[in-house]
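The values are calculated or read from the model by the stated rules, or taken from the named source; none is laboratory data. What you see is a predicted model; the values in this text were computed from it and never measured. Positions of Cβ are generated from backbone atoms using ideal geometry, with glycine treated the same way; all protein chains shown enter the neighbour counts. Remember, those area values only see protein heavy atoms, side chains included, never the ligands or the DNA or RNA. Shrake-Rupley method; radii C 1.70, N 1.55, O 1.52, S 1.80 Å.
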Amino acid sequence: MYMNDAKKSLTGEVRLSYVHLSTPYVNPSQPNSEPKYSVTLLIPKADTVTKQDLDNAINAAITAAVTGKTWNGTRPPVIPTPIHDGDGVRQDGTPYGAECKGMWVMTASRRSQDGKPWVCDISNTNVELAPQDTYSGMYARCTVHFFGYYNAGKKGIGCSIDGVMKTRDGDSLGGAVKPTANEFAQFAQPQINPVTGLPM
């Protein structure tokens, strides 16, 4: 529970992957799907407190879906949830990447019409983080909330990303390297003072 909402959770420190928090993203394999902000959370299995809190929030979302209009009093015998075992395999049978080992893997998204999730740095939570400082591989704490869905005859629990607080940098995932001021250091030339002729 977070902010008095049983369906909401604040995670411990997690690693982020497949980060699309600055602009809505459309999956290339589903070109007609709705653009969404999205991110995948890699949650250390050692963080049992976060996992328990997420499970509690999921159970609260299940109860709300059963008792409300979403599932109208009917509880499915098997309820898909957004949390998966990073030491296992994906739905298509392929193994998760090396970065997922020892982790729970959870994808959270947010419809563009619901507005952009709040993304900040731990050093200043009142200022939005620049897009270039948000990337796959960084570490963060996240606020998420769970909800029941009934779509095309399928019932399950979805996860919405509400906020992200970057806690520290990490090695970039996906091969992208974050550029730094050292890119052209070997070509740096001192500025000359036109009056004295000395380096400034």
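Points to keep in mind about this one:
- Checking each residue in region 1-38 for being in contact with a Phe, Trp or Tyr (Cβ under 9 Å, 6 or more places away or on another chain), β-branched (Val, Ile, Thr) and modelled with pLDDT of 95 or more picks out 14, 19.
- Filter result (touching a residue at least 24 places away in the same chain (Cβ under 8 Å) and open to solvent by 50 Å² or more (accessible area, probe 1.4 Å)) within region 24-53: 24, 34, 35, 36, 45, 46, 49
- Residue in region 106-126 that is among the aliphatic types (A, V, I, L, M) and either more than 24 Å from residue 50 (Cα to Cα) or without any contact (Cβ under 8 Å) to a residue 40 or more places away in the chain (or both) present: no
- Output for region 57-91, where each listed residue is in a loop (DSSP other than H, G, I, E, B) and β-branched (Val, Ile, Thr): 70, 74, 78, 79, 81
- Test for residue 171: is it part of a strand (DSSP E or B) and of a type in the set (Asp, Glu): no
- Cβ-Cβ distances below 9 Å connect the following pairs, each with a first residue in region 69-87 that is of a type in the set (D, E, K, R), a second residue that is open to solvent by 70 Å² or more (accessible area, probe 1.4 Å) and part of a strand (DSSP E or B), and a separation of six or more residues or different chains: 87/95.
- Which numbered condition residue 177 fails, given (1) modelled with pLDDT of 95 or more; (2) outside any strand (DSSP E or B): (1)
- Among the residues listed as 92, 87, the single one being open to solvent by 70 Å² or more (accessible area, probe 1.4 Å) and modelled with pLDDT under 95: 92
- When region 24-56 is filtered for residues that are part of a loop (DSSP other than H, G, I, E, B) and among the aromatic types (Phe, Trp, Tyr), nothing remains.
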